[in-house]
Amino acid sequence: MNSSNFVKKVIHRTSLNWNYSMFTLIFSIFCNISWAQCYWQQRVEYEMDIDFDVETHRFSGNQTLKYYNNSPDTLYEVFYHLYFNAFQPNSMMDVRNRSLPDPSPKIGDKIFKLDSTGIGYHKVISLTQNDKPLKYHVEGTILEVKLADPIPPKTQATFKMEFNSQVPLQIRRTGRNSEEGIDYSMSQWYPKMAEYDNRGWHAIPYVAREFYAPWGDFNVSITIDKEYVLGGTGVVKNPEAVGHGYAEDPIEPSDKITWEFEAKNVHDFVWAADRDYVHETRKAENGFKVHFLYQKQEDAKMWSDAIDYTMKAFPYIQENFGEYPYPQFSVIQGGDGGMEYPMATLITSGRSLSSLVSVIIHELMHQWYYGILANNESYASWMDEGFTEYAEMYTKAFIYESKGRNHEFFNPIASAYVSYIVWSKTGFEEPMSTHSDHFATNNAYVVAAYTKGKVALQQLKYVIGKENVEKGLLAYYDQWKFKHPWPEDFFRVMEKQSGITLDWYHDYWVNSTHTIDYEINSVTPTSKDSTKIVIRRLQRMPMPVDLWVTKKNGDRFLYYIPLGIMRGEKPLDFDVERTILPDWSWTHPEYSFNIDIPIDKIRKIEIDASGWMADIDRKNNIFPRED
């Protein structure tokens, strides 16, 4: 039945009692029929003015937030993130780092040792909803707010807040007085509305990592001493007034100026300030500007080379991963390593040229996988870190003109396979679906998010084909840009692109720690003209099998065994004769078949000659066995 006709019939039958409950019922029924038509997301519009005191490292702020409830639910409460509160002794971030077997060296026990002048905090002075005072409670890094009036579906509310904040001395993404001498790295610096989606509120305490927030527009005014140069998310609306931060004559520290920033359709806002920034700009091919802010004393030649590589990367990135949609992007020296934010990144500079280029390209790719495709990093960090790492490696292979990048089996992340396989045998691996803050070790998080995350994409080429993955990534971008995709959404795009079912791949690779191990169990002659091959699956994760046979005269043949639950076959990516064999059922540990090649004519038989399948023991993939 046509979904619209079905909904009309339900409405007709119940028209005598039309109310919000019925609206919810109809919405639910309709979404079950056509989920794609029922996607919704909340929206925010921030107006913020802050007055910054560089002597005390504190600022006072006024925030007006228009909140659009686009959900089918009535909201009775809202939640704000107060990220600076994490930088206090005995906070969740502090205790967690002092409790882990492998704590972050960037934090360790540093937060525990902060005094009252070094801690970070947000103090809410007042909060209203449509000019009505609100009751609220601070619980660590979360502000719990009871609404004065419910916010019904498809309506909006205006929240006004006065707050005072102190920038923490500890540098963890945000903070002041970094080791490189950057005065202020201002990320997670304002009370930020938490995300509400079809899974409810995501009022996640700030313990270690990852962020998730509603899309919206930001207008931010920052009043600070005139000697500072600023850079950040968005576009400076008054460049003539601020003079790009440079003062021609010596000035008194109390002499202030206001920087006005505007950013549209983003989900966060970062800025940084220093008195010694050099400010350079370049123009990309499609017109947007790229800003670089770094300290005057840094190696100018290294930065110049890094900028050249960055600009070379943009055309390749946009061709392969989607167009950059904003008017500018800023690379800003600051923070404690490299961290992504919409339209900007904070990076440290005390590194080699290759390392500087790597971190710039990595954070640049986060503009796609986090900035534009804003998945919930807490629950699927591999969708931003892993995809970013994958794209970074391919981009660097392009800008460095790496040898072998046109080879049929090219794999710029081969080392990640090795790292994953080693870790999978330690017993400490945890599923990629683990909440980012809840991994038992930091190493387990890194392997799941970064290492296994990028292997997920490269290995997907083995499952559905190289061209399908490349086209699928562009389709994923087109369908989910400026939205909040979940893993199921990504795999559904890849299913539509390839015609292959992938729920099993998601379940095994993402939701479990089951490993892959296939062996060539036996190769025996069946006649003078044919050979029998027996393959066994030794570990739990099933996979399709590419079996490559090379004759002694150099001829190659590919025997492809689809996995039954794939419900399809991948296209042929390689210049080789391929034979498609009957499906292999995942319940069966063994598979045998005959090939019309005499055993004495065979030089080599190999499972997955491409190396794209993350088999944990490749020694048993080859016949004859290699020592």
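The values are calculated or read from the model by the stated rules, or taken from the named source; none is laboratory data. Quick caveat, the model's predicted, so the values are computed rather than measured. Here the Cβ is made from the backbone with ideal geometry for all residues, glycine too, and neighbour counts use every protein chain on show. Only protein heavy atoms, including side chains, enter the accessible area calculation; ligands, DNA and RNA are left aside. Shrake-Rupley method; radii C 1.70, N 1.55, O 1.52, S 1.80 Å.
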GluC sites (Glu not before Pro) restricted to the stretch 145-253 and DSSP loop, no more than 15 other C-beta within 10 Å: GLU179, GLU248
Compute, for the chain, the length of the dipole vector about the Cα centre, with Cβ point charges of +1 (Lys, Arg) and -1 (Asp, Glu) only. Units Debye, rounded to 20. 1820 debye
Could you look at the stretch 450-540 and say what percent of its accessible area is carbon and sulfur, using a 1.4 Å probe and all protein chains? 42 percent
Taking the chain, the whole-percent share of alpha-carbon pairs separated by over 46 angstrom is 25 percent
Putting +1 on Lys and Arg Cβ atoms and -1 on Asp and Glu Cβ atoms, find which of LEU502, GLY334, VAL278 reaches farthest to the positive end of the dipole of the chain. LEU502
Relative contact order for the stretch 72-193: what percent, with Cα pairs under 8 Å and sequence separation of 6 or more? 34 percent
Give me the net charge of THR158's neighbourhood, meaning all other residues with Cβ under 15 Å from the Cβ of THR158; Lys, Arg count +1, Asp, Glu -1. -2
Placing one equal point scatterer on each C-alpha of the stretch 293-390 and summing with Debye, one gets log10 I(q)/I(0) at q = 0.25 Å⁻¹ equal to -1.45
How much accessible area per residue does the stretch 513-627 have, counting only protein heavy atoms and a probe of 1.4 Å, in square angstrom? 48 Å²
Across the stretch 353-360, in residue order, what do the Karplus-derived ³J(HN,Hα) couplings come to in whole Hz, using 6.51 cos²θ - 1.76 cosθ + 1.60 with θ = phi - 60° and x for Gly and Pro? 4, 4, 5, 5, 4, 4, 6, 5
The farthest towards the positive end of the charge dipole of the chain, of the residues THR550, SER585, VAL447, given +1 on Cβ of Lys and Arg and -1 on Cβ of Asp and Glu, is SER585
Relative contact order [Cα under 8 Å, 6+ residues apart], the stretch 457-520, whole percent: 26 percent
Please report, to two decimal places, log10 I(q)/I(0) for the stretch 503-601 at q = 0.10, 0.15, 0.19, 0.20 Å⁻¹ as given by the Debye formula with identical point scatterers on the Cα atoms and no solvent. -0.31, -0.67, -1.00, -1.08
Here the alpha-carbon Rg of the stretch 219-334 over 2.2 N^0.38 Å rounds to 1.14
Where in the stretch 229-338 are there trypsin sites (Lys or Arg not before Pro) that are in a DSSP coil and have at most 10 other Cβ atoms within 10 angstrom of their Cβ? LYS296
Expressed in nm², what is the orientationally averaged projection area of the convex hull enclosing the Cα positions of the stretch 155-247? 8.6 nm²
Of the listed links LYS403/LYS551; LYS528/LYS619; LYS132/LYS160; LYS66/LYS264; LYS160/LYS226; LYS123/LYS264, those spanning more than 19 angstrom between alpha carbons are LYS403/LYS551; LYS528/LYS619; LYS160/LYS226; LYS123/LYS264
Using Cα pairs under 8 angstrom and six or more residues apart, how large is the relative contact order of the chain, in percent? 10 percent
